[in-house]
Amino acid sequence: MMFMIKRGDQEFGPYSGADIRQYLSSGNIVETDLVRAEGTDRWLTVQDIVGGKAAQPQAATPAPASQPAYTPTPAPSPAPSYEPTPTPPSYAAPSPSPGFGTSAGPAYGGAPAYGSDPGFSSPAPVTPAWGAPEPAVQQFGGAAGVGGAGTLKNGAPLPPNMNWVIVVVGAILTCGLFALIWLFIQAAWFKKLDPQSKGQKFLILYLVGYVGVLALTFGGVGLSIAMPDSSLGTLVSSMGSLVSIGLLVLYILAVFNMKASLEGYFNNVEPINLKLNPILVIFFAVFYFQYHFNRINTWKTTGSLS
């Protein structure tokens, strides 16, 4: 069974019983926070539920038979430090997405903003039963898992964490060569995040086509010098220009495919309401992606976005 946590006017979750115990012991949840079973509107305090002083919230439909209670050993997952007066993050908590079975929760790691607890009527006391822990599995692009230190919830590694300013400087000093190499590194990570991603495939086709354009261009110049009275050199050079248009299409397909994978994961599996500007993706993809990679790494290690 999954539970929702409420503090003040904000509601977070859902969490399993093991999650609530873990966040209570770490200080991210306090005993006076309100809790209810998902699908009900009956609120209790965390202290009442964990301490066995009041009833577990009753579902609208008949509840199944209680399962034997035991203390689960939850899989490790990063939990942010609890701030007494946290600064609201720049991303708003998103609405639930039925496709991935998640709902809005505490922004960036599970520590809700502290506030006052509203009163409620005392229910008839019964012994609460958390039951067997729910499997905290999220799925996206065929991968599943609970994550761990240095990984995302679906088991993928954290994104490349080179500062985006360094990527810009490297691109300038190498006339764009470093940016192209780094875009391929990013595409390889996107493939780990979402095995269905085709960004890496489109970039490989782009690179092959780019070599073809160079061959046609220099070949046309060579033919024009060798045969100045022939139009063959001009024809070959024109073919290179046509192929360049196809390269632009491949590039746009690649970066937008990677954009869809990033937004799909961070709006459903680990929702932070991530929205990427399509214009910036087209013109500054490698730098724009890296900027958000740096923010994601900061969030996963500190619990807040810079």
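No value in this document is a laboratory result; all are computed from the given coordinates. Note that this is a predicted model, so its numbers are computed, not measured.
Expressed as a whole number of Å, what is the distance separating the alpha-carbon centroids of the range 147-210 and the range 1-24?
When both Cα centres are located, 35 Å separates them.
Please enumerate, by chain and number, the lysines with C-alpha under 22 Å from the C-alpha of residue 198, excluding those fewer than 8 residues away in the same chain.
Within the straight-line cut-off, residue 198 pairs with 153, 259, 275.
Determine ³J(HN,Hα), in whole Hz, for all residues of the range 165-177 in sequence, where each value follows from phi through the Karplus function 6.51 cos²θ - 1.76 cosθ + 1.60 and θ = phi - 60°; x replaces Gly and Pro.
Karplus values, whole Hz, x for Gly and Pro: 5, 5, 4, 4, 4, x, 5, 5, 5, 10, 6, x, 5.
List, in order, the whole-Hz ³J(HN,Hα) value for each residue of the range 295-305 obtained from phi through the Karplus relation with A = 6.51, B = -1.76, C = 1.60 and θ = phi - 60°; use x for Gly and Pro.
Each residue of the range 295-305 in turn: 5, 5, 4, 4, 4, 6, 9, 10, x, 9, 8 Hz.
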